[in-house]
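Enquirer: Dumping the structure here so I can ask a few things about it.
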Amino acid sequence: MTDEESAVEVGPRRSTGGLLLLGAAVALFGVAYGADSVAAGGGILRPVLTSLFVQGGASQIAADGILQGHGAPLVAIVVGMALNLRFMALALIISPDLPRGRLRRLLGIYLISDIPVGLALATVPGRRRSRVYIVVGVLAASAWVAGTLIGTFVGAAFDVSALGADGAIAAAFVALAFGHISGIRTILIALVSFAVTIALMGIIEAGFAVLGGAAAALVVEGVSRRPAAPVNESTT
Amino acid sequence: MAGWIVMLALAIGTFTMKWIGATLLPRWSMPSRFTATVNALPLAIYPALVASATLGGDSVGVQFDARLIATVVVLAVLIAFRKRSLFGVAMLVGAAVTAAARLLLR
């Protein structure tokens, strides 16, 4: 079994409880974002609409951070777009499993983000994967916007960082990465991605560091990939 | 005003990138080597996001805090129970350990 095959055969059995936990964690992260945004003078409407239309937590937080630090709007846009550039790659991967029909497909495209794509990829390709993607995508998107809205109202009441929402998001990425680990080669690729990203974070914005780490990992993946066996092998 | 402009640009730009990835890129005929690379994208991207989410700060540089403890604990849990689906539990553990560590380290 190749690494690619083993990656898609890792199929976590999702339960209602698991989905509720996922929704709660995403909403918690949204609360933190909404609270921070209001505290920085962003009002109520803008962070909520940003969560609704961008659907990219890391890019929203990074862009807000740049604006709060009196950085140029263009820098905020470039950094935010760099952080969301990975969505293009995720879109390519999940494309075969998006709904048919123009409007439904546009909704499916709107829902593309790390967690729905990551969890969908952990299931076997086909109708089940499509269903998982849509269910998790709607849940995550709704929880993100709802959490943001709640955060804009209650954020001033207490320190939302005490809830550990950012730790939940880091944990989500750990779980998504772990689902694609299946042998020494994949461990090496993951370690390269992790290490190069950290090294780059010391000198460039996190969004670009993530892209650099992923690029380095893809180089290692390409170099270490076993050549495909010839089609017509004689057997005895 | 700047915030609204950034929001609009991010919204349009992000959706456009998703649309290109889902609609235009699949129409290009790709050699099998490229397909294998595309299949490896999650394995390349998610560990990088782990690094950013665990050690990222407000600007350039790394920041060591409670998130690092949570990430190590979550990884240990996933390795110990690797035969089971633990995505939701991992997020809960991540939040709980981060919150507890921040309380203890204050």
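Read the figures in this text as sums done on the coordinates, not as results from a lab. Bear in mind that the values here come from a model prediction, so they are computed numbers and not experimental data. Heads up, the Cβs are rebuilt from the backbone with ideal geometry, glycines too, and the neighbour counts pull from every protein chain shown.
Enquirer: Are there trypsin sites (Lys or Arg not before Pro) in the range A:78-161 that DSSP marks as loop and that have at most 14 other Cβ atoms within 10 Å, and which are they? Could you put the intermediate results ahead of the total?
Expert: Numbers: sites: A:R86, A:R100, A:R102, A:R104, A:R105, A:R127, A:R128, A:R129, A:R131; in loops: A:R100.
Hits after loop and neighbour filter: A:R100.
Enquirer: Separate question: What 222 nm value per residue comes from the helices of chain A, counting each DSSP H run with n ≥ 4 as -39,500 (n - 2.57) and dividing by all residues, nearest 500 deg cm²/dmol?
Expert: Values: 12 runs with 170 residues, N = 236.
The per-residue figure over chain A is -23500 deg cm²/dmol.
Enquirer: Let me ask something additional. Please identify which residues in the range A:44-84 have an amide N closer than 19 Å to a label point set 7 Å out from the Cα of B:V60, following the Cα→Cβ vector.
Expert: A:62-83
Enquirer: Using the basic label-point model (7 angstrom from Cα toward the beta carbon), what is the A:L45 to A:A157 distance in nanometres?
Expert: 2.5 nm
Enquirer: With just the Cα atoms defining each centre, how far is the range A:77-120 from the range B:30-106? Give it in Å.
Expert: The two parts, judged by their Cα centres, are 20 Å apart.
Enquirer: Let me ask another. Within a 10 angstrom radius of each residue's Cβ in B:34-40, how many Cβ atoms of other chains show up on average? Whole number is fine.
Expert: Numbers: counts 0, 1, 7, 6, 6, 10, 13.
Rounded to a whole number, the mean comes out at 6.
Enquirer: So for chain A, what percent of the C-alpha to C-alpha distances run longer than 27 Å?
Expert: On the way: 11260 of 27730 pairs.
That fraction is 41 percent.
Enquirer: If contacts are Cα pairs under 8 angstrom and at least 6 residues apart, what is the relative contact order of chain A in percent? Each step should come with its number before you reach the end.
Expert: On the way: 271 pairs, mean separation 71.9, N = 236.
After rounding, I find 30 percent.
Enquirer: Label points 7 Å out from Cα along the Cβ direction at B:L8 and A:R105: separation in nm?
Expert: Placing both labels 7 Å beyond Cα along the Cβ direction yields 2.9 nm.
Enquirer: Right, here's the next one. Please identify, among B:A51, B:A80, B:A95, the residue showing maximal mean-square fluctuation in a Gaussian network model of chain B using a 10 angstrom Cα cutoff.
Expert: Highest fluctuation among the options: B:A80.
Enquirer: To test your reading of the geometry: what angle, between 0 and 90 degrees and rounded to tens, separates the Cα axis of helix A:206-224 from the longest principal axis of chain A?
Expert: Orientation of helix A:206-224: about 0 degrees from the principal axis.
Enquirer: In Å, what Rg and Dmax follow from the Cα atoms of chain B?
Expert: 18.9, 55
Enquirer: So what is the calculated 222 nm ellipticity per residue for chain B, using -39500 (n - 2.57) for each DSSP H run with n of 4 or more, over all residues, to the nearest 500 deg cm²/dmol? Walk me through the numbers on the way to the answer.
Expert: On the way: 5 runs with 75 residues, N = 106.
One gets -23000 deg cm²/dmol as the mean residue ellipticity at 222 nm.
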